[in-house]
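Below is one structure; the comments refer to it alone.
Readers should treat all values here as calculations from the given coordinates under stated rules, not as data from a laboratory. Treat the numbers as computed from the prediction; the structure is a model and nothing was measured. Ideal geometry is used to build each Cβ from the backbone, glycine not excepted, and the neighbour counts take in all protein chains shown.
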Amino acid sequence: MNPDRLVRSDLIVGGASLAAYDSGGDGLPIVFQHGLCGDIRQIAEAVPEAGFRLLAIECRGHGASPAAGPPSVARFADDVIALIEARGLAPVLVGGISMGAAIASRIAVKRPDLARGLILARPAWVVEAAPANMAPNAEVGRLLAAHSAEPARAAFVASPTHALLAASAPDNLVSLMGFFDRAPQAVTAELLTMISADGPGISELDLVHVPTPTLVLASEEDAIHPMAHAERLARLIPHARLERLTPKGRDKPVYLADFHRALAAFAKDISHA
């Protein structure tokens with residue numbers, strides 16, 4: 001979906017003015033959220049234009065939304081709930097990538113009345129806080145909190161984490177290196193450290209009782225979003241199916257084509273249910 005075609009408005013939640021987006025039209029409503037330190041561009045490229053009405057917000061400290069209050073998955077989920085309720089379209093498809101998947105899983109547990117379908121793309125969490133796969137994000141956050149951007153970058157390039165990801169998960173490494181150029185630096189450092197130490201605040205038992213049809217998307221060659229997390233989520237959630245995508249770092253256009261096909265097929269199933 002072309003992000004330039006999305007209509008932006010302000011969503012006021014608890015005194016914070018958050019950037020909200022709506023593609024309009026009569027497609028199936030989908031509320032889809034970006035990953036940690038992402039923005040509306042990541043959301044727009046993930047959702048195909050045909051058949052969907054996309055709604056989203058840029059979480060606090062992301063994109064055009066201010067960093068209002070300590071960041072947490074729970075706070076971000078509350079903001080997305082406020083968006084769904086403000087638009088009056090529930091139940092909708094609820095989903096997201098990475099951190100966005102954690103937000104979506106929390107919404108499906110806490111407010112199942114809002115979710116017609118659940119999409120967990122490249123999940124970085126299952127239920128536990130501070131999972132080991134988030135350690136590289138936290139490492140970059142600590143460096144950015146302690147140094148200016150260039151010394152922080154140099155320290156990371158010299159680290160064992162950089163060498164490991166360069167060999168095993170180059171797409172993850174590209175994302176991590178981009179954080180050193182992200183402004184404001186202090187906000188980026190806070191997001192990376194605090195969200196990496198956080199979690200969706202739900203339990204395995206909560207997931208076992210999720211009634212919502214669920215699509216889990218994942219790929220190999222991804223250390224931040226391990227396939228094992230996706231497989232575990234697909235086992236725990238009763239009405240879940242797992243789709244394997246071409247690794248993004250290997251061929252991004254094919255990865256996006258896989259992503260779009262999986263979403264379109266899932267939406268078709270939901271519409272006919």
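So what is the 222 nm mean residue ellipticity for the chain from helices alone, if each DSSP H run of at least 4 adds -39500 (n - 2.57) and you divide by all residues, rounding to the nearest 500 deg cm²/dmol?
After summing the helix terms and dividing by the residues of the chain, the value is -13500 deg cm²/dmol.
Mind sorting Asp198, Asp251 by how few other Cβ atoms lie within 10 Å of their own Cβ, fewest first?
Sorted ascending by nearby Cβ count, the order is Asp251, Asp198.
Return the percentage of antiparallel bridges among DSSP beta bridges fully within the chain, rounded to the nearest 5 %.
If we restrict to bridges inside the chain, about 30 percent are antiparallel.
In terms of modelled amide H atoms, which long-range or inter-chain residues lie less than 5 Å from the amide H of Gly249?
The list, which skips near neighbours in sequence, is Asp171.
For Glu150 and Glu231, what is the calculated FRET efficiency with R₀ set at 51 Å and r taken between the beta-carbons, to the nearest 0.05?
0.80
What are the ³J(HN,Hα) couplings of the range 2-10, residue after residue, when phi is run through the Karplus curve with 6.51, -1.76, 1.60 and θ = phi - 60°? Round to Hz, x for glycine and proline.
7, x, 5, 8, 7, 8, 9, 9, 9
Using the count of nearby Cβ atoms within 10 Å as a rough guide to exposure, how do Cys59, Cys37 rank from fewest to most?
Fewest to most other Cβ atoms nearby, the residues stand as Cys37, Cys59.
Once phi is turned into θ = phi - 60°, what whole-Hz ³J(HN,Hα) does the Karplus curve with 6.51, -1.76 and 1.60 give for every residue of the range 217-230, x standing for Gly and Pro?
For the range 217-230, the Karplus-derived couplings read 10, 7, 8, 6, 6, 9, 6, 6, 10, x, 4, 4, 5, 4 Hz, x marking Gly and Pro.
Roughly what percent of Cα-Cα pairs across the chain reach past 34 Å?
Pairs farther apart than 34 Å: 12 percent.
Please arrange Tyr255, Tyr21 by how many other C-beta atoms lie within 10 Å of their C-beta, fewest to most.
Tyr255, Tyr21
What list of ³J(HN,Hα) couplings, whole Hz, do you get for the range 31-41 from phi and the Karplus terms 6.51, -1.76, 1.60, once you set θ to phi - 60° and write x for glycine and proline?
9, 10, 10, 6, x, 4, 6, x, 7, 4, 5
Report the label-to-label distance for Glu204 and Ile12 in nanometres (one decimal), using points 7 Å from each Cα along the Cα→Cβ vector.
Placing both labels 7 Å along Cα→Cβ, they lie 4.5 nm apart.
If I take the Cα coordinates of the range 132-193 and project them onto the principal axes, what are the three extents in Å, biggest first?
Reported extents, whole Å, longest axis first: 29, 21, 16.
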